[in-house]
Amino acid sequence: MHEDTPTLGDVIRRFGPALLDRSGVGVTPAQRAVLTTLGRCHTAALGGHLYRCDSCGTELPAYNGCGNRHCPSCLGHKSAQWLQARAEELLPVSYFHVVFTVPTEIAALALGNKKVVYQILLRAAAETLLEVAANPAHLGADIGFLAILHTWTQTLIHHPHVHCVVPGGGLAPDGSRWVPSRDAFFLPVRVLASLFRGKFLAFLQKAQQTGALRFAGATADLATPAGFTAFLKAQRDRAWVVYAKAPFGSPEQVLKYLARYTHRVAISDRRILSMDDNGVTFRYRDNAAGGQKSMTLDGVEFLRRFLLHVLPTGFVRIRYYGLLANRYRTQNLERCRTLLEARGQARSAPSRSEATEPRPTSPKERGRCTVCGVGQLVVVSSLTPVADPDLTATVPVARDTS
C-alpha cells in the first residue's frame, strides 16, 4: 500500500462521528470503544517520538499504536511473536485445512448473541474433528489442531466460520505409534458436516433452555418455544457445509498460511484504496470470478459493516485442541516427534523468515530517512499525548479490549 492511501483509522476519523449521529445505526458500548481506540491509533492523541535524520535534518513524528486486537495497523508485531512460537511446534507432516461454516439464519442469531454462539461454533467444530478422527472407521487416532474464528467475508458481511489447521495424523489411542492420514485425504466431509450440525444445534438448544440467548429484530420470532422449535427443525433439515482444502505441502507452507491468516481482522489497511465524499473504496477477492475487484461503500455503511466483527470483550478467537491443548502440548509434541523419527520422518524446523513481514508503520521501523533516502532516523524527543477534540467529543475514552 502506498503511503498516501487511507488507513482504517483515517476512515474512522472521517466518518465515525456521522456513524454515531445517524439514526437507525445501533452502536454497542464495545463497538464505541473500538471505534475510539482505532481512531486514535498512530495519531498525536497517543503520543510517540520525534525522529531527526542525521543527514538532512528532516524531523518526522512517529505516533504510538493502540495495540487493539481489532486494529489492522497493530497486528504485525503480535503476529510475528505468535508465529515465532508456532514455528517451533510444527511437525514434519502434511497439514490439512478444514473449514466449518454455519447457515445464514444462524449467523443472524449470532449477531445478538456473539459470545454464546461463537463459543458453540468453536466447541462444535472441535468436538466434531476429535470424535470423527478417533473413530477407527476413519483415522482411529487422537489428533491435535489449531482453530481460528473468522466472522467476515471479503465484502465485510457477517459470516461466522472456523478455520482449523490440522496435522495429517495423530497418536494411536495407546500412544504407541503415529497414525498417518492418507496423503490427500484427511476425514470425510459429509460425516464431519452431519456431526457438526447435530452438535451445534444440540448446544444451541441447551443455550435456549437455560435462557442464555436473546432474541430481537430479525430473530424476534424465535423468542417463543414454538418459534425456536421450528427454527431448529428447519436447520436440521438443511445441509451444512464443511470443506477441506488441499493439504499444505510442508511446514514452511503452513507457517506462510498462518502468517497471512491468524492475526487478521475484517479488513486490512492494504485493501483500502481510497476515501472521498462518496465513501470508501476497497479491494476484495471475488472467488466466483477468480480475481480481484473493488467496491465503494458509503463511509457510514463501511464502518457499520466493520463493527459487525468486533468480538466480545475477552473472547479468545485462536484456540488449541486435542494433542495441542495448552496443558499437555509440550509433552504431546515431543512424543509425536519421537514416533515420527522412528518412522524415518526427520525433524523439520521452518525458518521464521518464511512468515509474512508486517508493513512498517513508522519512520523508526523503516530506519532510513524517507526524504533524503541516505540518513538514519534518530530519536530526539518524546511526544506527549494531546487531546483530539473532534473524536473525543463524540466518542468516550475507551480502554483496550484486546
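Throughout, read-outs are computed from the coordinates displayed, never taken from laboratory work. Not measured: the values here are computed from a predicted model. Cβ atoms come from the backbone with ideal geometry, glycine included; neighbour counts cover every protein chain shown.
By its C-alpha gyration tensor, with a ≥ b ≥ c as the square roots of the eigenvalues, how is segment 156-281 shaped: rounded for a/c under 1.5, else prolate for a/b larger than b/c, else oblate?
Judged from the Cα gyration tensor, segment 156-281 comes out oblate (a/c at least 1.5, b/c at or above a/b).
Rg and Dmax of segment 221-312 over Cα atoms: what are they, in angstrom?
Expressed in Å, the Cα Rg and Dmax of segment 221-312 come to 19.3, 52.
Determine Rg/Rh for the chain; Rg is computed over alpha-carbon atoms and Rh is the Kirkwood hydrodynamic estimate from the same atoms. Mind dumping the intermediate values first?
Numbers: Rg = 23.6 Å, Rh = 23.5 Å.
Radius of gyration relative to Kirkwood radius: 1.00.
Evaluate E = 1/(1 + (r/R0)^6) for residue 137 and residue 115, where r is the Cβ-Cβ distance and R0 equals 30 Å; express this FRET efficiency to the nearest 0.05.
0.25
On average over all directions, what projected area in square nanometres does segment 1-69 have, based on the convex hull of its Cα atoms?
6.2
Estimate the FRET efficiency between residue 318 and residue 374 by the formula 1/(1 + (r/R0)^6), using the beta-carbon distance for r and 35 Å for R0, to the nearest 0.05.
Computed FRET efficiency for residue 318 and residue 374: 0.25.
Greater than 22 Å separation of Cα atoms is the criterion. Which listed pairs, 115/206; 115/199; 115/293; 114/199, meet it?
115/293, as the Cα separations exceed 22 Å there.
I'd like the isolated cysteines in the chain, meaning no second cysteine's beta-carbon lies under 4.7 angstrom from theirs.
Isolated Cys, the chain: 164, 336.
Would you list, by chain and number, the lysines whose Cα falls below 16 Å from the Cα of residue 256, excluding same-chain residues fewer than 8 positions away?
Filter leaves 78, 245.
Please compute P(r) over all alpha-carbon pairs of segment 43-110, binned at 10 Å starting from zero, and give each bin as a whole-number percent.
With 10 Å bins starting at 0, P(r) equals 14, 20, 26, 21, 13, 5, 0.
Which whole-Hz couplings ³J(HN,Hα) result when phi for each residue of segment 179-195 is put into the Karplus expression 6.51 cos²θ - 1.76 cosθ + 1.60, θ = phi - 60°, listed in order with x for Gly and Pro?
Whole-Hz 3J(HN,Hα) from phi for segment 179-195: 9, x, 7, 5, 4, 10, 8, 9, 9, x, 5, 5, 5, 4, 5, 5, 5.
Efficiency by 1/(1 + (r/R0)^6): what FRET value for residue 274 and residue 383, r their Cβ-Cβ distance, R0 = 41 Å, to the nearest 0.05?
0.90
Provide, as a two-decimal number, the C-alpha radius of gyration of segment 198-272 over 2.2 N^0.38 Å, N being how many residues it has.
Output field value: 1.69.
With everything on Cα atoms, drop me the angle between helix 225-236 and the longest principal axis of the chain, reported from 0 to 90° to the nearest 10.
The answer is roughly 80 degrees.
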